[in-house]
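Asker: My structure is below; once you've seen it, I'll send some questions.
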Amino acid sequence: MVLELAQQAPIIVRIAPKTDPTGLGAVLLDALGLTGALVVGALLAGALVAGILFLIRSRKPLDH
């Protein structure tokens, strides 16, 4: 019985290398897309506030 256990073939387990489903390029492109959207939103909000301030100040003269 002991002799039979010693002569068994070894069990080999192969672990496949893990591949990342999203590459570095896709992550950078997504980050730049999000950053670009935030920059465009900030520019539009700034232009809107500047336009409102311009209209308010052009209609009512300053009393210095």
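Yes or no, residue by residue, for (1) in a loop (DSSP other than H, G, I, E, B); (2) at pLDDT 80 or above:
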| site | (1), (2) |
| --- | --- |
| 13 | yes, yes |
| 18 | yes, no |
| 21 | yes, no |
| 37 | no, yes |
| 42 | no, yes |
| 50 | no, yes |
| 53 | no, yes |
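Asker: Of (1) open to solvent by 100 Å² or more (accessible area, probe 1.4 Å); (2) at pLDDT 90 or above, residue 3 satisfies all except one. Which?
Answerer: Here residue 3 meets the rest and fails (2).
The values are calculated or read from the model by the stated rules, or taken from the named source; none is laboratory data. These numbers were taken from a predicted model, which means no experiment stands behind them. Ligands, DNA and RNA are excluded from the accessible area calculation, which covers all protein heavy atoms including side chains. Shrake-Rupley method; radii C 1.70, N 1.55, O 1.52, S 1.80 Å.
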